[in-house]
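Down below is the structure, laid out as structure tokens.
The values are calculated or read from the model by the stated rules, or taken from the named source; none is laboratory data. Please read all numbers here as calculations on a predicted model, not as lab measurements. Note that each Cβ is placed from the backbone with ideal geometry, even for glycine, and that neighbours are counted across all protein chains shown. For accessibility, only protein heavy atoms count, side chains too; no ligands or nucleic acids. Shrake-Rupley method; radii C 1.70, N 1.55, O 1.52, S 1.80 Å.
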Amino acid sequence: MNELLQQFVADTTARFQGRLRSPKELFDQHFAADQALDATVIGGYGLHDILDGKVRESEIPPLVLKAFHLQYPHVGNFVDFVHDHKGDTALVGIINGIKGKAFELEYVEYLNHGHLPPGAFAELAHSPTQEGWDIAIHDSHGQIIDHLQLKATDSLSYIQDAIAHHPEIDVVGTHEIFQHLHDPKILSHLIDSGISNAHLEDVASDAVHDVAPEFHVIPWLAFGIIAYQSWRRYQSGAPLDGLIRTAFRRGSYSTACRGMAYFTTLMAHEPLVGAASSVLLRLGLGRYDAQKQFVEFVCTYRKQQLRLDLTKAH
């Protein structure tokens with residue numbers, strides 16, 4: 001095999017001396033740089049995955065921690081609990097639980113700072129699943145004089161259901177729901193907390209997503225770099241059809257690499273494994289392209305050589 005290859009190289013050199021393309025001419029001058037850049041961008045995504053979620057309990061806002069431990073009193077550490085609950089559905093459930101309890105904490109704080117009769121105080125229900133009410137109002141002797149149910153939502157249906165099931169207990173709602181209600185019958189049972197639903201949503205979701213960040217499968221940054229490079233090369237006179245094919249191939253490779261990172265991270269529970277696998281895949285695809293170009297070159301020149309042999313034979 002080596003002798004045949006050596007003979008092929010010798011014959012090709014003899015026949016096409018002076019007309020053979022140099023390695024720089026043979027392969028796209030941007031080819032190697034593109035592979036390195038794409039692998040670097042994919043590696044950057046992997047580094048982002050590794051660093052994201054490395055949050056200590058002490059970095060979580062105190063309100064979120066207090067709300068979490070009241071809502072989930074027997075589950076231990078907040079960070080570990082979030083890490084153990086993967087998937088959008090589980091995380092949304094945690095966010096809603098923290099959001100509702102944070103609403104109760106903030107409103108109790110508000111009531112107990114000068115917004116109750118002298119000597120009276122507000123207290124949260126001892127159970128996170130208390131039926132019918134969330135806050136009890138005590139007089140100066142400790143006797144319960146009122147109950148309140150709180151709804152951290154901007155959905156009117158939740159408010160209506162709460163009033164329908166317990167019409168004797170007033171509902172404290174978010175500022176948004178109070179602003180959009182005009183039904184006097186419902187308003188007679190509703191108290192404006194002055195607390196924004198958007199604020200509560202941000203407090204809870206930011207803390208949870210800091211611990212369990214969203215995984216970006218679609219590499220938009222890579223797409224942007226590829227598009228910019230293609231546009232610059234088109235401005236320099238490169239043929240459009242070739243640029244489109246190259247951009248599509250590079251974009252599909254980047255997407256495949258992020259998919260690889262996602263699935264390996266999911267299986268190994270370690271973003272470092274996902275980062276390494278995605279970079280290795282991109283380098284492997286680049287090597288495959290280089291070998292494919294070389295084979296195409298060899299085949300092209302072999303055909304030319306055969307045509308010359310046939311021409312001379314005739």
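Brief remarks on what is shown
- Restricting attention to the chain, the count of lysine pairs at 8 or more positions apart or across chains with alpha carbons under 21 Å apart stands at 12.
- Distance from the C-alpha centroid of the range 233-295 to that of the range 146-219: 45 Å, rounded to the whole angstrom.
- Largest GNM mean-square fluctuation among THR300, THR129, THR264, using the chain with Cα springs under 10 Å: THR300.
- Tail weight of P(r) past 20 Å, computed on alpha-carbon pairs of the range 249-313, percent: 50
- Mean projected area of the Cα convex hull of the range 61-153, taken over all directions, amounts to 6.8 nm².
- Estimated inter-spin distance, PHE248 and THR89, nm [label 7 Å along Cα→Cβ]: 3.7
- Overall, the accessible surface of the range 187-307 at a probe of 1.4 angstrom is composed of carbon and sulfur to the extent of 66 percent.
- Across the accessible surface of the range 107-157, with the other protein chains kept in place and a 1.4 Å probe, carbon and sulfur atoms take up 50 percent.
- Percent antiparallel among DSSP beta bridges (both partners in the range 134-225, rounded to 5): 35
- For the chain, alpha-carbon Rg relative to the globular expectation (2.2 N^0.38 Å, N residues): 1.68
- Bridge type composition, the chain - antiparallel percent by DSSP, nearest 5: 55
- The chain: calculated mean residue ellipticity at 222 nm from DSSP helix runs of at least 4, using -39500 (n - 2.57): -21000 deg cm²/dmol
- Solvent exposure of the range 33-111, expressed per residue, is 50 Å² of accessible area, with all protein chains present and a 1.4 angstrom probe.
- Once you divide the Cα radius of gyration of the range 126-212 by 2.2 N^0.38 Å, the number left is 1.22.
- You can think of it this way: the chain between THR255 and LYS303 has 13.7 nm of extra reach, that is 0.36 nm per residue less the Cα-Cα gap.
- Annotation for PHE81 and ASP202: the two label points, set 7 Å from Cα along the Cα-Cβ direction, are 2.4 nm apart.
- Translational diffusion of the range 178-314, µm² s⁻¹ [Kirkwood Rh, Cα pairs; Stokes-Einstein; 37 °C; 0.692 mPa s]: 158
- Ordering of 117-125, 96-104, 139-147 by burial proxy (mean other Cβ atoms within 10 Å per residue, highest first): 96-104, 117-125, 139-147
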